[in-house]
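Take a look at the structure below.
The values are calculated or read from the model by the stated rules, or taken from the named source; none is laboratory data. None of the values given here were measured: they were computed from a predicted structure. Cβ: placed from backbone, ideal geometry, glycine included. Neighbour counts: every protein chain shown. In case anyone asks, the SASA skips ligands and DNA or RNA and just uses the protein heavy atoms, side chains included. Shrake-Rupley method; radii C 1.70, N 1.55, O 1.52, S 1.80 Å.
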Amino acid sequence: SRRRNSQAPLFALADDDQDANTIEKRSIENEIDNEDDDERDELVEAVILKLEESEGLWYSDDFYGPHGREWVKVSVSLVMNEKTAAATTALVATKVTGDPNIPAGCVTFRTKNWPSVGTGVPAEIHVRADPNDPNGFSWLSGELTLVNDKTMRLLCSYSPILQSQGTFYKENDEEEE
């Protein structure tokens, strides 16, 4: 076995120019990392704000027809595009109060991507024509428009010429405190 010469140094120090360049390079890298962290923090804060604005309890007095006011819990979901393997966020609404067509606990609508204020996004609405048929659920195409952070409008297309729409309002958290 070979023994290390105790006189040989374990490491070699760089000359002064190399040390200064290394320190400057590390300083620049740290500055870039800090800028990236700041940008990342801003992005995370923006996403959290969007989540807080969208997630929660919403109600509609007119979308579900003669059933009256119905409540849904809106949450955010990650949706994968099978063709591109890219992911996007979307909204999913689950019935809190149900009716014979779509009972409580079932998904009532979902978007295909994230809505922006004033812009409609494709949506799917869960329907059942015959409440006595446990397998009679289907999805109809529609569009969800975020009117503002407390109001969204949902359009359901039964056919090219027959559509209905309703408005959902976010529960005001301050009222309950």
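Consider T97 against the criteria (1) modelled with pLDDT of 90 or more; (2) assigned to a strand (DSSP E or B); (3) open to solvent by 20 Å² or more (accessible area, probe 1.4 Å); (4) not small (G, A, S): it satisfies all of them except one. Which criterion is unmet?
So T97 meets the others, but not (2).
Looking at the range 145-166, which of its residues are at pLDDT below 90 and either within 18 Å of the chain's Cα centre (by Cα) or not in a strand (DSSP E or B) (or both)?
D149, Y158, S159, P160, I161, L162
So Y64 fits all but one of (1) hydroxyl-bearing (S, T, Y); (2) surrounded by 15 or more Cβ atoms within 10 Å (Cβ to Cβ); (3) free of Cβ contacts under 8 Å to residues at least 60 places away in the same chain; (4) out of contact with any Phe, Trp or Tyr (no Cβ under 9 Å at 6 or more places or on another chain); what number is the exception?
Among (1) hydroxyl-bearing (S, T, Y); (2) surrounded by 15 or more Cβ atoms within 10 Å (Cβ to Cβ); (3) free of Cβ contacts under 8 Å to residues at least 60 places away in the same chain; (4) out of contact with any Phe, Trp or Tyr (no Cβ under 9 Å at 6 or more places or on another chain), the lone unmet condition for Y64 is (3).
Return yes or no: is V72 part of a strand (DSSP E or B), among the β-branched types (V, I, T), in contact (Cβ under 8 Å) with a residue 40 or more places away in the chain and under 18 Å from G56 (Cα atoms)?
Yes, satisfied.
Run L91 past the list (1) open to solvent by 40 Å² or more (accessible area, probe 1.4 Å); (2) out of contact with any Lys or Arg (no Cβ under 6 Å at 6 or more places or on another chain); (3) not in a loop (DSSP other than H, G, I, E, B) and report the number of the one that doesn't hold.
(1)
Which of the residues belonging to the range 93-146 are out of contact with any strand residue (DSSP E or B) (no Cβ under 9 Å at 6 or more places or on another chain) and among the charged types (D, E, K, R)?
Hits for the range 93-146 are D130, D133.
Provide a single number: the residues in the range 100-144 that are in a loop (DSSP other than H, G, I, E, B), open to solvent by 70 Å² or more (accessible area, probe 1.4 Å) and either in contact with an Asp or Glu (Cβ under 6 Å, 6 or more places away or on another chain) or closer than 18 Å to S77 by Cα (or both).
Qualifying residue count for the region: 1.
Report, ordered by the first and then the second residue, all pairs with beta carbons closer than 8 Å, sequence separation of six or more or different chains, a first member in the range 140-166 that is within 17 Å of V127 (Cβ to Cβ), and a second member that is part of a strand (DSSP E or B) and among the aromatic types (F, W, Y).
G142/F109; L144/F109; L154/F109; L154/F168
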